[in-house]
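I have placed the structure first, in the form of structure tokens, so that the comments after it can refer back to it.
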């Protein structure tokens, strides 16, 4: 089972003091989810996406004092996703013929906010994992989950396997798989909502 770094107040102190291990944990944990979050937002331009990811990480390191572990429930990615959105806007503003793409994602963000507001007061709907309009946020969320949660959710909702089939594949009881799926859905929901809230609260700093 993967051990996920905890980006709590103690980690922040180490990172702000220039601790190489702490900074390395931030980079390692952020690369994949930042790439997934940014890729479609820059028109599937891999070079531009890599630039956005690099600039986001550099900005995050420079602005670590602004990271609030308590507000983020010790999960640094929602804060970094907000920084990434600013870097995406900067990158698109430097590119030609990107007005329509930026407009598209502005509308997409508003659509996502509507979905997120519903999630705040209702259970997680199974189709949220496969809906087109939430695909990239789902990918970013899944990247933040422990491997056993990711695999369970993908088996159930993407591959559409039954609890019995998942249990047989894992040599586990159906009851234990149901328990695993419950925990995985809760972890997904909390992470997804943390990203969602960041859409509403992260300002754009040109």
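Between residue 14 and residue 179, the FRET efficiency estimated from the beta carbon spacing at R0 = 41 angstrom works out to 0.75.
For a paramagnetic label modelled on residue 172 (point 7 Å from Cα along Cα→Cβ), amide N atoms under 19 Å away belong, within segment 137-162, to 142-162. If I model a spin label as a point 7 Å beyond the Cα along the Cα-Cβ vector, how far apart are those points for residue 164 and residue 68 in nm? So the label points at residue 164 and residue 68 sit 5.0 nm apart.
The numbers here are math on the coordinates, done by the rules we state, and not lab data. All figures in this text were calculated on a predicted structure; none of them were measured in a lab. When we count neighbours, we look across all protein chains shown, and the Cβ atoms used for this are built from the backbone with ideal geometry, even at glycine.
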